[in-house]
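Asks: Here it is: the structure, laid out below.
The values are calculated or read from the model by the stated rules, or taken from the named source; none is laboratory data. Since this is a predicted model, take the numbers as computed values, not measurements. Using ideal geometry, Cβ is built from the backbone for each residue, glycine included, and neighbour counts are taken over all protein chains shown. We work out accessible area using only protein heavy atoms, side chains counted, and drop any ligands, DNA or RNA first. Shrake-Rupley method; radii C 1.70, N 1.55, O 1.52, S 1.80 Å.
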Amino acid sequence: MKIGIISFAHMHALSYATHIVNNPEVELAYIWDNDEQRGKEMATKFDCQFTSDFDEFLNTDIDVVIICSENANHKEHVIQAARAKKHILCEKPIATEIEDAKEMIKVCEEEGVILQVAYPVRFAPVLGKAKQLIESGAIGEVIAISGTNHGKMPGGWFIEKDLSGGGAATDHIVHIMDLIRWILKDEVKSVYAELDTRFYDIDVEDCGMVTLELESGVIVSIDPSWSRPQTFPTWGDAIINFVGTKGNLSVDAFKQHTLFYNDGAGSIEQLPFSEDMDEGLIKDFIKCVKKGGNPSITGTDGLRTLEVVKAAHESNEKRETVFLNR
């Protein structure tokens, strides 16, 4: 199976490319990037072909594309790849607008290609265990959840609203919300959010608090802030606390690590020793394509989390609770 990567704009592309080249079942064959220098550097690094011509890229013999372009470009890249009959793994969020996401899903269905959205935290072993415990009834009925997905402010196009669709809320609500939907098999009924820009002089939000009510009545709070300093030993965190009628469950996706006091680099670094969640995502996607089945994380999963992001922005603007109508 030959794979092509569409853009290295998103930093996850480096991790995905590494896991592809280390997988003997597949080949990283082509890279396209609108930044020619970056694309050529990545092609040299991963020993594959580079082209700056998107039509030429799609006309190659690749079977699959992984899209890591800027959020606002996901729609164009997904639709063109689908019409070229390429199976697709698209970085989150699926799009910047709800109608765009719906069109992307529709085109992929019409063309008979797989559309999977990149939510790698599902593949953290501790999250799989938490899902099993909750489904078994170990903590009883879940009645409340609090989650944090803090991170460093990434800069670049992430803080350009036209390209990103928003700041920390757009970047980080989706991970926690995807995990909650996956574990509880529940949907969001209403959203109230207060977002702000307090840490950096940027044009998008860098912090906020989001309160949700699920259709089952479960109450959820999410802190998606870019509140980690640049000296923090890793990019951020993903922590969820489940409150049940028989007990509580606290889950930290990045708990399994050692601290490396790196004098050479002048930094302290977290070195994870659990299974790599990005590798789990790539293996899962490759398996899905080979078997011709349904993806474990669908375009609709991406749409549902985007709906929450858009509702959070709307709630912040109106200073009122927003109810989701699907």
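Asks: In the range 50-79, what residues are farther than 24 Å from Thr170 by Cα and not charged (D, E, K, R)? Working first, answer last.
Replies: Keep residues of the range 50-79 that are farther than 24 Å from Thr170 by Cα, which gives 50-64.
Within the range 50-79, Phe50, Thr51, Ser52, Phe54, Phe57, Leu58, Asn59, Thr60, Ile62, Val64 meet the criteria.
Asks: When you scan the range 231-252, do you find a residue that is in contact (Cβ under 8 Å) with a residue 40 or more places away in the chain, in contact with a Pro (Cβ under 9 Å, 6 or more places away or on another chain) and surrounded by 16 or more Cβ atoms within 10 Å (Cβ to Cβ), even just one?
Replies: So in the range 231-252, the residues in contact (Cβ under 8 Å) with a residue 40 or more places away in the chain come out as 232, 235-249, 251-252.
Going one step further and asking which of them are in contact with a Pro (Cβ under 9 Å, 6 or more places away or on another chain), we end up with 235.
Narrowing the set further to residues that are surrounded by 16 or more Cβ atoms within 10 Å (Cβ to Cβ) leaves none.
No: zero hits.
Asks: Identify all residues within the range 114-160 that are among the charged types (D, E, K, R) and either farther than 23 Å from Ile282 by Cα or in contact with a Cys (Cβ under 9 Å, 6 or more places away or on another chain) (or both); write none if there are none. Working first, answer last.
Replies: First, pick out the residues of the range 114-160 that are among the charged types (D, E, K, R): 122, 129, 131, 135, 141, 152, 160.
Correct list: Glu135, Glu141, Lys152, Glu160.
Asks: Only residues that are out of contact with any helix residue (DSSP H, G or I) (no Cβ under 6 Å at 6 or more places or on another chain) and among the acidic types (Asp, Glu): list them for the range 22-39, please.
Replies: Residues satisfying the conditions are Glu25, Glu27, Asp35, Glu36.
Asks: Any residue in the range 261-276 that is without any contact (Cβ under 8 Å) to a residue 12 or more places away in the chain sitting within a Cβ distance under 7 Å of a residue that is of a type in the set (D, E, K, R) and open to solvent by less than 100 Å² (accessible area, probe 1.4 Å)? List the pairs, counting only those 6 or more apart or interchain.
Replies: Partner pairs satisfying both residue conditions: Asn262/Glu269.
Asks: Identify the residue in the range 123-150 that is in a helix (DSSP H, G or I) and without any contact (Cβ under 8 Å) to a residue 60 or more places away in the chain and, among all such residues, is surrounded by the most Cβ atoms within 10 Å (Cβ to Cβ). Quick ask: steps written out before the conclusion?
Replies: Step one: of the range 123-150, the residues in a helix (DSSP H, G or I) are 123, 125-135.
Filter again for without any contact (Cβ under 8 Å) to a residue 60 or more places away in the chain, leaving 128-129, 131-132, 135.
Values: Gly128: 14, Lys129: 12, Lys131: 16, Gln132: 11, Glu135: 11.
Looking at residues that are in a helix (DSSP H, G or I) and without any contact (Cβ under 8 Å) to a residue 60 or more places away in the chain, I get Lys131.
Asks: Residues in the range 153-212 that are touching a residue at least 60 places away in the same chain (Cβ under 8 Å), aliphatic (A, V, I, L, M) and closer than 24 Å to Asn241 by Cβ: how many?
Replies: Number satisfying all stated conditions: 13.
Asks: Still on this model: Go through (1) under 21 Å from Lys290 (Cβ atoms); (2) touching a Lys or Arg at 6+ places or on another chain (Cβ under 8 Å) and name the single condition His87 misses.
Replies: Failed condition: (2).
Asks: Go through the range 277-326 and give me each residue that's β-branched (Val, Ile, Thr), within 26 Å of Val126 (Cβ to Cβ) and either in contact with a His (Cβ under 7 Å, 6 or more places away or on another chain) or crowded, with 19+ Cβ neighbours inside 10 Å (or both).
Replies: Ile282, Ile286, Ile297, Thr305, Val308, Val309 - these are the residues of the range 277-326 that are β-branched (Val, Ile, Thr), within 26 Å of Val126 (Cβ to Cβ) and either in contact with a His (Cβ under 7 Å, 6 or more places away or on another chain) or crowded, with 19+ Cβ neighbours inside 10 Å (or both).
Asks: Consider Val26 carefully, then state whether it is in contact with a Lys or Arg (Cβ under 6 Å, 6 or more places away or on another chain), aliphatic (A, V, I, L, M) and touching a residue at least 40 places away in the same chain (Cβ under 8 Å).
Replies: Values: in contact with a Lys or Arg (Cβ under 6 Å, 6 or more places away or on another chain): no; aliphatic (A, V, I, L, M): yes; touching a residue at least 40 places away in the same chain (Cβ under 8 Å): yes.
No.
Asks: I've got another one for you. Under 14 Å from Met177 (Cβ atoms) and not acidic (Asp, Glu): is that true of Val309 in this structure? Outline the logic, then answer.
Replies: Details: under 14 Å from Met177 (Cβ atoms): yes; not acidic (Asp, Glu): yes.
Yes: the conditions hold for Val309.
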